[in-house]
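Peer 1: First the structure, which I've put down as structure tokens, then a few questions once you've had a look.
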Amino acid sequence: MELYMNKEKIEKKLAAFSFGQIQDFMTLHNVMHKNNISMADLEGYINGEKARLSKELEAFSPPMEKMPKCPKCGNKLAIRPINLPKGPRNRQGWKSLWHCPAGDCVYERYCHMTVAEEIKKLGPKKRGI
Ligand SMILES: [Zn+2]
């Protein structure tokens, strides 16, 4: 009896995956086996992480209709996080920055609240648009 599928057959069946991915899977499989982690365990973990990440993404996706307008030019402002800890390069400990995306406008407003907190302040997002 032949124990292994021939190379061409394996290549064809796994064509969607890169060689690196296949190697990663082998490593993952070995680690799972050593630690008694089943495929069902892994699936549960993946689903849990997906749910957590999509919740996080939701918190960071701003309600466009509520985005504040630039006091200088009237464009809708954008916000980005400031990841520098309080220190010589961020003396005030700013955590986020509202800025105007218009090319010829330089409006900026620094905030002590994180992006998520600033977005939360705008209120809930309208559904079904
Ligand atoms: Zn502006």
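Peer 1: Any residue at all in region 106-114 that's loosely packed, with under 12 Cβ neighbours inside 10 Å, within 16 Å of the ligand (Cβ to nearest atom) and either β-branched (Val, Ile, Thr) or under 30 Å from Leu14 (Cα atoms) (or both)?
Peer 2: Yes - at least one qualifying residue is present in region 106-114.
Peer 1: Condition (residue is within 16 Å of the ligand (Cβ to nearest atom) and not in a helix (DSSP H, G or I)) applied to region 14-36: is it met by at least one residue?
Peer 2: There is no residue in region 14-36 that is within 16 Å of the ligand (Cβ to nearest atom) and not in a helix (DSSP H, G or I).
Peer 1: Let me ask something else. Identify, from the list Pro81, Pro63, the residue that is touching a residue at least 40 places away in the same chain (Cβ under 8 Å) and in contact with a helix residue (DSSP H, G or I) (Cβ under 9 Å, 6 or more places away or on another chain).
Peer 2: The conditions single out Pro63.
Peer 1: A follow-up question, please. What do you reckon, is Gly93 more than 16 Å from the ligand (Cβ to nearest atom), within 30 Å of Met26 (Cα to Cα) and surrounded by 10 or more Cβ atoms within 10 Å (Cβ to Cβ)?
Peer 2: no
Peer 1: In region 60-90, how many residues are more than 14 Å from the ligand (Cβ to nearest atom), under 11 Å from Glu118 (Cβ atoms) and among the hydrophobic types (A, V, I, L, M, F, W, C)?
Peer 2: 1
Yes/no matrix, rows are residues, columns are (1) at pLDDT 90 or above; (2) surrounded by 10 or more Cβ atoms within 10 Å (Cβ to Cβ); (3) on the phi > 0 side of the Ramachandran plot:
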| site | (1), (2), (3) |
| --- | --- |
| Lys7 | no, no, no |
| Leu14 | yes, yes, no |
| Phe25 | yes, yes, no |
| Asn36 | yes, no, yes |
| Ala40 | yes, no, no |
| Tyr45 | yes, yes, no |
| Gly48 | yes, yes, no |
| Arg52 | no, yes, no |
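The values are calculated or read from the model by the stated rules, or taken from the named source; none is laboratory data. Nothing here was measured: the structure is a model prediction, and the numbers come from that model. Glycine also receives a Cβ, built like all others from the backbone with ideal geometry; neighbour counts cover every protein chain displayed.
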